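Please treat every number below as a calculation from the coordinates, not as lab data. None of the values given here were measured: they were computed from a predicted structure. Because the Cβ atoms are built from the backbone with ideal geometry, glycine has one as well, and the counts that use them run over all protein chains shown.
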Amino acid sequence: MIRLQNIEKVYRTSTIETLALNSINLEVAKGEFLSIMGPSGCGKSTLLNIIGLLDAPTRGDISIGEQKTGHLGDRELAAFRNKKLGFIFQSYHLINDLQVVDNVELPLLYRSMSAKERKQLATEALEKVGLSNRINHFPTQLSGGQRQRVAIARAIVGRPEIILADEPTGNLDSAMGNEIMEILMDLNRNEGTTIVMVTHDENMAHKTHRLVRLFDGSQVS
Amino acid sequence: MLRNYFKIAIAVLKRRKFFTFISLFGISFTLTILMVATAYIDKLVNDPYPDAKRDRSLYVNKLEQKMKDGRQSGPLSFYFLDHYAGSLKIPAKVAISSMSRATNTYVNNKKIVINYKYVNSDYWDVLEYDFVEGKPFSKQQIANGEHVTVISEDTKKEYFGETGSVVGKYIEADNVKYRINGVVKNVPVTAYQFFADIYLPYTVSKTDYKDKAYHGEYIAILLAKNEADVPAMRKEYEQMISKVPLPNKDITKMYSHANSYLVSYVNVGSEDTSGIAYVITAIGLFALLVMLLPTLNLVNINITRIMERSSEIGVRKAFGASSRTLVYQFIVENLILTLIGGLIGVLLTFIVIRVLNNAQLIDNLYLTINFTVLLYALAICVFFGLFSGVYPAWRMSKLNVVTALRQNN
Ligand SMILES: Nc1ncnc2c1ncn2[C@@H]1O[C@H](COP(=O)(O)OP(=O)(O)OP(=O)(O)O)[C@@H](O)[C@H]1O
Ligand SMILES: [Mg+2]
């Protein structure tokens, strides 16, 4: 489903050069639930952003599904992300000015779809994460766990084949973290969604199919 | 899609009350100034009273004589206009009138200022004054040099007070008594070519209207039979001017043009530096300056405002918005903001114009908001919205997704 070949990422500032990723080769099968671990600053987020086509690697190739992505332009990349990928972030990144349902609808705005259809799908996604009674709240009126569930609803509303989650439970206590983890595992089991998750939590990582460890930009297991 | 933009635009406005206030204030205030200014200009340029046949008229306001060591420019003599312009073939009528002049008169020992204007009989045919009572003096009365006059409503009020008909009564100006033949509706002083308190036959003027000097204090309106004849009439006038003998050998060249109303209205400079260019540049610069400040302010505020929303930008991009879509979104948001500002501006303008009309800073000048002015306002709003939105939106769209997302909310 995802194939990384010889991925290298160098950050250059005027004074220093950081090798954030060093010849990463990685394949993720369709329907796999993969976790990535490693100490802070080892390049986990960088790797996830590259898989998510949010950032371009300095060297190397990424294919997602059958699609080689190296030559895609801004508009094609945007359309591709919209259809195939869903993102979950540690700090939720909800839009505080919008109600929960409008936040969840967001990916559908960039598809041709009627307002009614959008609302329908958003409501369904919120049901899946157990928040159908918070549709018209604003994000600031929700707890951290609830916000992350809204973010998950947003990530799944467009039925992407791949979900990329960067420390989705990082800001939550373990009970809430477990709830989030359950939702992701259900999604993986029942819908066959491929999931790549960065985590600091060994327990979470061991619930997934496979664990990749990074150290200083290199894959160590 | 648009509904969503609207939702978020309103939400952002509500959240940032101070910012909203400042930018709305800037936009609406500027718009108000501009709209009052355009209403004023519109009044000057498009007001058809008493000059209703403007589209088939040409205006002669000055003659310029060039000498070896200078130039002399100003209104023309009655003789010149009557003799030369009056003999043209194309004009059906030639209205000749003096520039209005002020004189004092006394009513019950109270001094009042009266502006008088000498006119010929065509003047009453070319211009369509509204007669509240009576009628213009006739060609015969002019020829006889009768002391008759047409006065304005204001003058009637000031001289006679609230009273019935004054036709046949006498009014005194410069120690001469004139019998009133008619009363006309007021003309604002800004329509200086037509404005006067009392209109008199040119034959009663103290200076000799038969004097053959070219310069004097008269201007003329040439009226063609129809609009199509206007270019030919202009040409005929120019040809006539080129054939008029130079009055003496000091003068090397003479210029005089029959112009359209607008050109004649602003024709204040000399031949080489045309007045209209001055006036248009001045108005343009003024409008630009008035608009530039709030626009720059808006651009600035917009940049901060948009950068504050970098998390939103990052998320939208991650979930499939292209840079182009985002630029579009932010411009639409900005247009919504400016249009709301525009709406407030229109309301403010209504109030300001009302107050101005009541205060009567310029006698008899009544401003109205009309369709033209509203169109201007709309155009200005769109200009604001685009100009102040495009640059920030463009900067924002260049933002890298990862960078945008790292800056936590
Ligand atoms: N925009 C950037 N410019 C320069 N260096 C960067 C940039 N982004 C990341 N880096 C560097 O790249 C390395 C990897 O960063 P990354 O954010 O991927 O780490 P991480 O494993 O996600 O860490 P954490 O667990 O703290 O989130 C770090 O050394 C970081 O300083
Ligand atoms: Mg990270």
Original post:
Tell me, how many Å apart are the Cα centres for segment B:149-171 and for segment B:41-72?
Top reply: 30 Å
**OP:** Please go through segment A:86-168 and write out the chymotrypsin sites (Phe, Trp or Tyr not before Pro) that DSSP classes as loop and that have at most 12 other C-beta atoms within 10 Å.
**Re:** none
Original post:
Can you list the HN-Hα couplings for segment B:174-184, worked out from phi with the Karplus curve (6.51, -1.76, 1.60; θ = phi - 60°), rounded to whole Hz and with x for Gly and Pro?
Top reply: 6, 6, 10, 9, 10, 8, 7, 9, x, 10, 10
**OP:** First obtain the Kirkwood hydrodynamic radius of segment B:202-272 from its Cα pairs, then insert it into the Stokes-Einstein equation at 4 °C and 1.567 mPa s, and state the resulting D in µm² per second as a whole number.
**Re:** 88 µm²/s
**OP:** Stick to Cα atoms and the Kirkwood definition of Rh, then tell me Rg/Rh for segment A:2-219.
**Re:** 0.97
**OP:** Would you calculate, for the protein assembly as shown, the mean residue ellipticity at 222 nm contributed by helices, counting each DSSP H stretch of 4 or more residues as -39,500 (n - 2.57) and dividing by all residues, to the nearest 500?
**Re:** -14000 deg cm²/dmol
Original post:
So how tilted is helix B:371-397 from the main axis of chain B? Cα-based, degrees 0 to 90, rounded to 10.
Top reply: 30 degrees
Subject >> Percentage, to the nearest whole number, of Cα pairs in segment A:126-221 over 22 Å apart >> reply: 31 percent
Subject >> Mean separation of Cα contacts under 8 Å (6+ apart) over length of segment A:135-221, as relative contact order % >> reply: 26 percent
Subject >> Folded to 0 to 90 degrees: helix B:275-308 orientation relative to chain B principal axis, Cα >> reply: 20 degrees
Subject >> Ascending count of other beta-carbon atoms within 10 Å, so fewest first, for A:185, A:37 >> reply: A:185, A:37
Original post:
Taking the Cβ of residue B:220 as the center, what net charge do the other residues with Cβ under 15 Å away carry, scoring Lys and Arg +1 and Asp and Glu -1?
Top reply: 0
Original post:
Where does each of B:218, B:261 land when they are ranked from fewest to most other beta-carbon atoms within 10 angstrom?
Top reply: B:261, B:218
Original post:
Hey, fewest Cβ within 10 Å first, where do B:194, A:80 land in order?
Top reply: A:80, B:194
Original post:
Can you give the charge dipole size of chain B about its Cα centre, rounded to the nearest 20 debye, using +1 on the beta carbon of Lys and Arg and -1 on the beta carbon of Asp and Glu?
Top reply: 1800 debye
Original post:
Under a no-solvent Debye model with one identical scatterer per Cα of segment A:72-188, what's log10 I(q)/I(0) at q = 0.15, 0.18, 0.23 Å⁻¹?
Top reply: -0.61, -0.88, -1.39
Original post:
Using the alpha-carbon atoms, what tilt in degrees (0 to 90, nearest 10) does helix B:230-243 show relative to the longest principal axis of chain B?
Top reply: 50 degrees
Original post:
What trypsin sites (Lys or Arg not before Pro) does segment B:192-256 have in DSSP loop regions with at most 11 other beta carbons within 10 Å?
Top reply: B:206, B:210, B:212, B:249
Original post:
Can you give the three extents of the C-alpha atoms in the protein assembly as shown along their principal axes, from longest to shortest, in whole Å?
Top reply: 118, 57, 42
